[in-house]
Amino acid sequence: MFGRLLGRAAATEAVSTATAGARTTFYRGVSKAELADIEATGALRSVTGAQGKYLAATAPEAAVFGERALALTGESLGGVIRVQLGRGAARDVTALGRIDGIGEAFFAPLSALTNARITILP
């Protein structure tokens, strides 16, 4: 796992900075295959057995995180999505701190993403 894990209180504080109304907004850079899966299912799923998804605080940071992670497997960025979580689900997100000089990163278990509102950004 990248970065350092913060306690639940620190994670809640970090998450609350992105909160608007009853939903908390994150972003994720995705591969072409993951983007196609989201378009087909409307959901964030794990096709590789991963227990969750890494998220970013802003769309530009998500794009950079995605590009770097996908480059390790020879893939390219398929797009960036906005992930909005209800307050209850957002409490299960772990703040990982500032990663690789890019920005704040988070890890959301799949259980927190079950009812996520997902928007594919242009």
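Just checking: which of the strands (runs of 3 or more DSSP E) contained wholly in region 72-122 hold 2 or more residues that are in contact (Cβ under 8 Å) with a residue 60 or more places away in the chain, under 14 Å from the mean Cα position of the chain (by Cα) and surrounded by 14 or more Cβ atoms within 10 Å (Cβ to Cβ)?
Working: elements: 77-86, 94-99, 103-109, 117-120.
Strands (runs of 3 or more DSSP E) meeting the threshold: 77-86, 94-99, 103-109.
Listed residues Ala90, Ala112; which is small (Gly, Ala, Ser) and modelled with pLDDT of 95 or more?
Within the list Ala90, Ala112, the selection yields Ala112.
If only one of Ala10, Ala40 is modelled with pLDDT of 95 or more, out of contact with any Lys or Arg (no Cβ under 9 Å at 6 or more places or on another chain) and not in a loop (DSSP other than H, G, I, E, B), which one is it?
Within the list Ala10, Ala40, the selection yields Ala40.
Return the residues of region 47-86 that are touching a helix residue (DSSP H, G or I) at 6+ places or on another chain (Cβ under 6 Å) and closer than 17 Å to Phe26 by Cβ; say none if nothing qualifies.
Gly52, Ala56, Leu77, Gly79, Val80
Report the residue count in region 35-71 for those that are free of Cβ contacts under 8 Å to residues at least 24 places away in the same chain and surrounded by 15 or more Cβ atoms within 10 Å (Cβ to Cβ).
1
Exactly one of (1) within 16 Å of Asn115 (Cα to Cα); (2) of a type outside the set (Phe, Trp, Tyr); (3) at pLDDT 95 or above is unmet by Glu61. Its number?
Just one mismatch for Glu61, condition (1).
The values are calculated or read from the model by the stated rules, or taken from the named source; none is laboratory data. Only a predicted model underlies this, so the values are computations on that prediction, with no experimental measurement involved. Using ideal geometry, Cβ is built from the backbone for each residue, glycine included, and neighbour counts are taken over all protein chains shown.
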